[in-house]
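What follows is a short report on a single structure.
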């Protein structure tokens, strides 16, 4: 896993020209020597190396106008080269994309724009020539193709699917690799299939409607026809059938309504009214078997009802005669009862007079008994009063003893709280003793002692509170908001709900929240940039963005993505040029040979180099060149840092035009001014 702490370094394209100022000037090389090397590199158009030497010269002579001028010219050259390459690659990438989509005319425009930047580029020239050949081949066939496609479109719009399919097949035969006629053929076949399925569905719905119509289920039949009309709204047969069933439904609804009322009357035994309704039904549906049958059933029932009505009237007359006879008998019985009641009342009055005499004798005896009872009660009351006085005296003595016991218990409780240093509650208990036993000396003394202790504690709390608030304010002023939060929380521990500490804590928490939110915004932007570059396999820029996000220490995602990129590059390595440590002396060159890389993958090439500085007191440049049997084609500079830690450089060499445009077969390393250990050299790709 690549570590961002002085172990991992990412370099890409012209960005090295902006980052090379990390190389520090050395006292071991003179200003004149550095300027000469810079001029040599500038003359050889190795502007990146030239920039490094001019910057080192400026370290020797700060603000030197010659070095500053040369540095300015070099940066401008690097920027111009970078801009030209960006334009070239933009047109090349767009041309490849359009070519892959077989949009040949548009692709040719992009390739020609790329050649306007680098006219001799072999890859783009070959791509443009291939497209011109394709376009020439297509020209002779285009008219026939366009005609077939046009006729196919017209026939398809008319739902003449078989003829449309035939035309699209003709177009495919002309241009077998063209996607459009294949798509239109698939569309025509799909529409034909859908039309066939739609017709089958229509026929099925019409058949189901017919079956429901035969069963006189006109609602269901009409529903099926309306579903069929959703498929083919203008079908004449379906519309006629719907009208037929709607008319039949109207008659059936009228008939069914009359029959339902007739059946209800029949069930209620209103036979004459029911017969009239069945006759109405026959006027709607002449000769209806059900209505005719029900009328034939009703005639004997109506006759039976007439006979039962005559019998009912005779029975009611007989009942009236019997009721009159019963009423005469009732009056005679009531007269006999009145006579017997009068005799009974006379007997009752005699009995009540005898009872009154007996009650008077009993009342006299009761009064005498009550007077004797009152005498006895008075004697008993005197005895009880004496006993109650004795009991009262005993109760007073017991109450005093209990009071003293309560005082002792309360003092014991207060003393226990005092011993536990629970002074506030102890004071409350001592105050309860004083309230219960006014002037209690022991409790009063303890209250005074507690007041002294609490005063001392209050002073200590105030001191701690002031210290915490001071530390919080100091941290707040230094914008160390998390530290300030801790101090303000400590202040609130000593003074809960203190308004000043509460307000300061809220301010610190908001400031910390705002700080984290700002970091989150930065983090999200870096991650978004990293993800976008990761998706396009621009791993150098992706790592740069992920590293910035990683330094904010919000999530592990950036670290995981950096590791993932490292794994991808490692898995896609093309050449492992060195895996054993090599110690290069100052000025010594080490070249590694390899077979040329296919043009199609050069754009995504990376060079991975692991180096270690045996003399960490020095920082120096290591020159990296690449080329072929025809000589050097390009290069860049790696700044070797003043650290003993092994450092991994990942350089997107595919961003250099000379790497992409030439068949390079070697890469060479030269250490300036100091020996260096190279432990790994790989050429890889992003995908």
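Candidates 599, 624, 607, 676: the one that is more than 20 Å from residue 52 (Cβ to Cβ) and in the same structural domain as residue 74 (by TED's automatic domain parsing) is 599. Within the stretch 40-56, the set of residues being modelled with pLDDT of 90 or more and either surrounded by fewer than 17 Cβ atoms within 10 Å (Cβ to Cβ) or farther than 28 Å from residue 655 by Cβ (or both) comprises 40, 43.
How many residues, within the stretch 62-72, are more than 53 Å from the chain's Cα centre (by Cα), surrounded by fewer than 16 Cβ atoms within 10 Å (Cβ to Cβ) and at pLDDT 90 or above? Talk me through it step by step, then tell me what you get.
Filtering the stretch 62-72 for residues more than 53 Å from the chain's Cα centre (by Cα) gives 62-70.
Checking the rest, the ones that are also surrounded by fewer than 16 Cβ atoms within 10 Å (Cβ to Cβ) come to 62-63, 65-66, 68-69.
Retained after the next criterion (residues that are at pLDDT 90 or above): 65-66, 68-69.
Going through the stretch 62-72 one residue at a time, the tally reaches 4.
Within the option set 560, 544, being more than 21 Å from residue 664 (Cβ to Cβ) and buried (at least 17 other Cβ atoms within 10 Å of the Cβ) holds for one residue only, 544.
Within the stretch 253-273, identify whether any single residue is within 53 Å of the chain's Cα centre (by Cα) and more than 30 Å from residue 304 (Cα to Cα), and answer yes or no. Reasoning before the result, please.
Residues of the stretch 253-273 that are within 53 Å of the chain's Cα centre (by Cα), as a first pass: none.
No.
Looking at residue 447, is it closer than 30 Å to residue 486 by Cβ, in contact with a helix residue (DSSP H, G or I) (Cβ under 7 Å, 6 or more places away or on another chain) and either assigned by TED's automatic domain parsing to the domain that holds residue 504 or modelled with pLDDT of 90 or more (or both)? So residue 447 does not fit the description; no.
Keeping to the stretch 393-442, report how many residues are part of a loop (DSSP other than H, G, I, E, B) and either in contact with a strand residue (DSSP E or B) (Cβ under 8 Å, 6 or more places away or on another chain) or closer than 18 Å to residue 454 by Cα (or both).
Going residue by residue through the stretch 393-442, those that are part of a loop (DSSP other than H, G, I, E, B) are 420-422, 437-440.
Still in the list and also either in contact with a strand residue (DSSP E or B) (Cβ under 8 Å, 6 or more places away or on another chain) or closer than 18 Å to residue 454 by Cα (or both): 420-422.
Residues flagged as part of a loop (DSSP other than H, G, I, E, B) and either in contact with a strand residue (DSSP E or B) (Cβ under 8 Å, 6 or more places away or on another chain) or closer than 18 Å to residue 454 by Cα (or both) within the stretch 393-442 amount to 3.
The set of residues from the stretch 610-634 being closer than 17 Å to residue 673 by Cβ, in a strand (DSSP E or B) and in contact (Cβ under 8 Å) with a residue 60 or more places away in the chain comprises 611, 612, 620, 621, 623. Considering (1) under 49 Å from the mean Cα position of the chain (by Cα); (2) surrounded by 21 or more Cβ atoms within 10 Å (Cβ to Cβ); (3) modelled with pLDDT of 90 or more, the lone condition that residue 667 does not fulfil carries the number (1). Has the stretch 180-194 got at least one residue that is surrounded by 15 or more Cβ atoms within 10 Å (Cβ to Cβ), touching a helix residue (DSSP H, G or I) at 6+ places or on another chain (Cβ under 8 Å) and not in a helix (DSSP H, G or I)? Looking for residues that are surrounded by 15 or more Cβ atoms within 10 Å (Cβ to Cβ), touching a helix residue (DSSP H, G or I) at 6+ places or on another chain (Cβ under 8 Å) and not in a helix (DSSP H, G or I), one finds none in the stretch 180-194, hence no. Residue pairs whose Cβ atoms lie under 6 Å apart, sitting 6 or more positions apart in sequence or on different chains, and linking a residue in the stretch 71-93 that is free of Cβ contacts under 8 Å to residues at least 24 places away in the same chain to a partner that is crowded, with 18+ Cβ neighbours inside 10 Å, are 71/54.
Every residue, every condition in (1) at pLDDT below 90; (2) assigned by TED's automatic domain parsing to the domain that holds residue 45; (3) loosely packed, with under 14 Cβ neighbours inside 10 Å; (4) part of a helix (DSSP H, G or I), yes or no:
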position: 76; (1), (2), (3), (4): no, yes, yes, yes
position: 110; (1), (2), (3), (4): no, no, no, yes
position: 115; (1), (2), (3), (4): no, no, no, yes
position: 134; (1), (2), (3), (4): yes, no, no, yes
position: 142; (1), (2), (3), (4): yes, no, yes, yes
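Among the numbered conditions (1) more than 21 Å from residue 576 (Cα to Cα); (2) crowded, with 17+ Cβ neighbours inside 10 Å; (3) within 45 Å of the chain's Cα centre (by Cα), the only one that residue 645 does not meet is (2).
Just the residues that are crowded, with 18+ Cβ neighbours inside 10 Å and closer than 24 Å to residue 497 by Cβ, please, taken from the stretch 427-472. 427, 450, 465, 468, 469, 472 - these are the residues of the stretch 427-472 that are crowded, with 18+ Cβ neighbours inside 10 Å and closer than 24 Å to residue 497 by Cβ. Would you check if residue 277 is over 52 Å from the mean Cα position of the chain (by Cα), part of a helix (DSSP H, G or I), surrounded by 18 or more Cβ atoms within 10 Å (Cβ to Cβ) and touching a residue at least 12 places away in the same chain (Cβ under 8 Å)? Judged against the criteria, residue 277 is a match. Just one of the listed residues (43, 100) is under 45 Å from the mean Cα position of the chain (by Cα) and either closer than 30 Å to residue 620 by Cβ or not assigned by TED's automatic domain parsing to the domain that holds residue 651 (or both), namely 100.
Restrict the check to the stretch 596-615 and report whether at least one residue is under 24 Å from residue 87 (Cα atoms), buried (at least 16 other Cβ atoms within 10 Å of the Cβ) and over 45 Å from the mean Cα position of the chain (by Cα). Yes; the residues of the stretch 596-615 include at least one that is under 24 Å from residue 87 (Cα atoms), buried (at least 16 other Cβ atoms within 10 Å of the Cβ) and over 45 Å from the mean Cα position of the chain (by Cα).
Does residue 672 count as surrounded by fewer than 18 Cβ atoms within 10 Å (Cβ to Cβ), more than 30 Å from residue 95 (Cα to Cα) and at pLDDT below 90?
Values: surrounded by fewer than 18 Cβ atoms within 10 Å (Cβ to Cβ): no; more than 30 Å from residue 95 (Cα to Cα): yes; at pLDDT below 90: yes.
No, not satisfied.
With respect to the conditions (1) under 26 Å from residue 479 (Cβ atoms); (2) in a helix (DSSP H, G or I), residue 555 lacks only one, and its number is (2).
The values are calculated or read from the model by the stated rules, or taken from the named source; none is laboratory data. The model shown is predicted, which means the values in this text are computed figures rather than measured ones. Cβ atoms come from the backbone with ideal geometry, glycine included; neighbour counts cover every protein chain shown.
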